[in-house]
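Everything on this sheet refers to the single structure shown next.
None of the figures in this text is laboratory data; all of them are computed from the coordinates on show. These figures come from a predicted structure and were not determined experimentally. Cβ placement follows ideal geometry from the backbone for every residue including glycine, while neighbour counts extend to all protein chains displayed.
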Ligand SMILES: [Zn+2]
Ligand SMILES: [Zn+2]
């Protein structure tokens, strides 16, 4: 095992350096030796680890005292006491979060006992759109009651926040004890700061020291084409603010599609019920059918039966994750007159008298059989 450099020497500070001098020295060195700042330099990671270890010990009064007394023999917690014990290099951000007060709640770097900051909760809202908007997309402004970081104290909860002197900002305290087996180091959450690593001198009145406020946030929501009633859009990061150092939750926008008087949705297809008179059904005609973006003409063949279904390709809903559109299915309702004049009654009687055995040929298929033909 190679001889370890003295921690004070590593940080380039004197043996009686103050807490802030140690912090300042580490901050400066950590920036220039961070592996991210030295790509390809094999030694950078080693130097950075050395620096970090030195800082971890010297920035904690108890650990520093033990080091002063026992030097490198003091056993330290496995993996340097970092949660997860994995790669200590979370990127530059971690260093800044630790040092620049505002976001010091992130304990990912030095904390032993602190739990990771919690991500914000998800927010929810609902938008009501028309069938046409569901088909072709829309943009909506939604107002969402959202928990934000307090703008007065930046989510910290107060002013003149300083690093906890008891734990040196780590949120946990190490205790070195003598036992029969040698020295034992234990780590517990710091009681002076409640594991937060910082002390608030003047509480923020705006948020009652919680660092959080609730406000209505207005936001543009882009609704993609093809959405359906009951779907939810997820807007990443649009939810409530997280604890300092953790990301916000997501915003879920529930889609409510209002009913259309003419067009009923059936998945990718649309259904339109069309009423034609029994005369038109018998003689045939052309009628205008409403579509999502206008109307289209359809031909009613002579002899069209009640319940007949016509299929208009490509006039349905746009497909959500595929190309193209569904179909528009037109169901024919044949209207039978309910009020006849004497003259009309006479005409129908004459029509009936002239009808033969083959007048109603080929009308045997039932309503349901014909439906099955279209809705396979
Ligand atoms: Zn506040
Ligand atoms: Zn503390």
Task: Computed FRET value (nearest 0.05) for residue 21 with residue 209, which takes r as the C-beta separation and R₀ as 25 Å - done: 0.25
Task: Model label zone, residue 262; criterion: amide N under 11 Å from point 7 Å along Cα-to-beta-carbon; scope the range 278-315 - done: 288-297
- [ ] Would you mind computing, in nm to one decimal, how far apart the modelled labels at residue 323 and residue 287 are, each placed 7 Å from Cα along Cα→Cβ?
- [x] 3.4 nm
Open item on the list: Give me the percent relative contact order of the range 274-324, please, defined on Cα pairs under 8 angstrom at least 6 residues apart.
Closed with: 30 percent
Open item on the list: Could you check the spin-label model distance between residue 136 and residue 177? Points 7 Å from the Cα along Cα→Cβ, value in nm.
Closed with: 7.5 nm
TODO: Along Cα→Cβ, 7 Å out, is where each label goes; now give me the distance between the ones at residue 296 and residue 159 in nm to one decimal.
DONE: 6.8 nm
Task: Overall Cα dimensions of the range 264-374, principal axis frame, Å, largest first - done: 58, 27, 19
Open item on the list: Taking the beta-carbon count within 10 Å as an exposure proxy, list 185, 144 from fewest neighbours to most.
Closed with: 185, 144
- [ ] Let me know the Rg and Dmax you get for the range 225-289 when you use only its Cα atoms, in Å.
- [x] 22.4, 75
- [ ] May I ask you to derive the relative contact order of the range 264-374, considering only C-alpha pairs under 8 Å and at least 6 residues apart, and to give it as an integer percent?
- [x] 29 percent
Open item on the list: Taking 37 °C and 0.692 mPa s as the conditions, I'd like the Stokes-Einstein D for the range 18-59 in µm²/s, using the Kirkwood hydrodynamic radius from alpha carbon pairs.
Closed with: 317 µm²/s
Task: Part-to-part distance (alpha-carbon centres) for the range 22-45 and the range 184-207, which is given in Å - done: 28 Å
Task: Fully extended contour minus Cα-Cα distance, from residue 278 to residue 217, at 0.36 nm per residue - done: 16.3 nm
TODO: Kindly state, as a whole number, the per residue volume in cubic angstrom of the convex hull around the alpha carbon atoms of the range 1-71.
DONE: 79 Å³
